[in-house]
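The values are calculated or read from the model by the stated rules, or taken from the named source; none is laboratory data. Bear in mind that the values here come from a model prediction, so they are computed numbers and not experimental data. So basically every Cβ, Gly included, is an ideal-geometry build from the backbone, and we count neighbours across all protein chains shown. Areas reflect the complete protein model, heavy atoms only, side chains present, ligands, DNA and RNA absent. Shrake-Rupley method; radii C 1.70, N 1.55, O 1.52, S 1.80 Å.
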Amino acid sequence: MKLRSSISRILSSSPLAYFPVKVRRGPARGARWTLLPFSANWRLGGEADLAAGLALLSSLRGSVCWDFGAHFGIHAVGMAMQVGSEGQVVAFEPDPGAFTRLVRHVRMNRLQNVVLFPAAVSRASGTSTLITVHGVGSSFSHFRYEDEPAPADGATLAVETVAPDELVATEQIRLPDLIKVDVQGHGAQALEGSIDTIRACHPIVIFSSHSPWELEGVRNLLEPLGYGVVSLRGERLAWGGLAHETGILLAGEPSPGR
């Protein structure tokens with residue numbers, strides 16, 4: 001296993017990492033992608049949460065999707081392909097290594113309907129500290145968890161934060177029909193920075209929870225707005241029965257466009 005990981009790291013820093021391949025399954029099926037790293041699972045369809053969330057929209061073409069924690073962009077690319085040229089995808093990614101690959105994948109697929117922000121979504125615009133103990137570009141870069149000590153080796157980066165409500169107010173982005181949230185424990189703060197928009201249009205929310213505090217914060221924000229929980233199989237769930245590390249769909253009253 002160690003030898004395999006070492007080989008993967010070496011190849012990931014070589015030109016072979018950018019060898020073009022095709023996504024085989026999922027919403028991004030047929031998209032052009034890069035070979036390394038973190039590629040095999042996504043090219044084979046990846047997680048099922050995006051397809052389940054998109055299925056709740058009455059019309060994909062022309063829809064607007066926000067991607068909180070876009071990383072290399074498999075979800076952003078898939079959403080952009082599904083919503084078409086009349087739709088819009090807004091992708092946020094604070095890790096500079098991941099953002100560089102996100103831009104490459106959007107350009108490889110000649111997608112003109114994607115708006116990119118090299119920033120993290122949070123409750124307000126400003127700066128914050130990203131922990132990068134797994135290396136820049138890792139899918140595990142994150143803001144500090146509530147019970148997490150400061151990293152001893154100083155593996156951190158100062159990154160920008162943005163509040164989507166402010167971007168909507170200044171007409172930089174359109175109102176969402178769907179929001180995908182996978183931000184390694186910062187989901188409640190991300191949704192808090194979007195709460196005026198959510199209250200106005202009740203988008204579908206695809207949420208991946210990484211801590212009990214994140215889950216509790218999201219519940220406190222969205223349950224009063226009438227949001228309930230749906231499993232990826234379409235089953236209604238109770239808020240109180242959820243655990244963290246759960247991929248779930250949150251659905252409230254339909255927005256006028258759904």
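Taking the range 132-159 as the range and being surrounded by 13 or more Cβ atoms within 10 Å (Cβ to Cβ) and charged (D, E, K, R) as the test, only ARG144 passes. Residues in the range 174-188 that are of a type in the set (D, E, K, R), in contact with a helix residue (DSSP H, G or I) (Cβ under 6 Å, 6 or more places away or on another chain) and open to solvent by 30 Å² or more (accessible area, probe 1.4 Å): 0 in all. Taking the range 14-113 as the region of interest, the helices (runs of 4 or more DSSP H) fully inside it that hold 2 or more residues being open to solvent by 30 Å² or more (accessible area, probe 1.4 Å) and over 23 Å from PRO203 (Cα atoms) are 40-43, 96-108.
Yes or no, residue by residue, for (1) under 22 Å from GLY154 (Cα atoms); (2) at pLDDT 95 or above:
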{"residue": "GLY84", "(1), (2)": "no, yes"}
{"residue": "PHE92", "(1), (2)": "no, yes"}
{"residue": "ASN109", "(1), (2)": "no, yes"}
{"residue": "PRO118", "(1), (2)": "yes, yes"}
{"residue": "VAL121", "(1), (2)": "no, yes"}
{"residue": "THR127", "(1), (2)": "yes, yes"}
{"residue": "GLY135", "(1), (2)": "yes, no"}
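With respect to the conditions (1) assigned to a loop (DSSP other than H, G, I, E, B); (2) at pLDDT 95 or above; (3) among the acidic types (Asp, Glu), GLU160 lacks only one, and its number is (1). Which residues, counting only those in the range 119-131, are part of a loop (DSSP other than H, G, I, E, B) and crowded, with 18+ Cβ neighbours inside 10 Å? Answer for the range 119-131, where residues must be part of a loop (DSSP other than H, G, I, E, B) and crowded, with 18+ Cβ neighbours inside 10 Å: ALA119, SER122. Within the range 151-170, the only residue that satisfies the criterion of being in contact (Cβ under 8 Å) with a residue 12 or more places away in the chain, polar (S, T, N, Q) and more than 18 Å from GLY187 (Cα to Cα) is THR156. Looking across the range 202-230, just one residue is of a type in the set (S, T, N, Q) and under 20 Å from MET79 (Cα atoms), and that is SER208. Among residues belonging to the range 201-246 that are open to solvent by 30 Å² or more (accessible area, probe 1.4 Å) and of a type in the set (Gly, Ala, Ser), point out the one that is farthest from SER139 (Cα to Cα). So, considering only residues that are open to solvent by 30 Å² or more (accessible area, probe 1.4 Å) and of a type in the set (Gly, Ala, Ser), the one farthest from SER139 (Cα to Cα) is GLY226.
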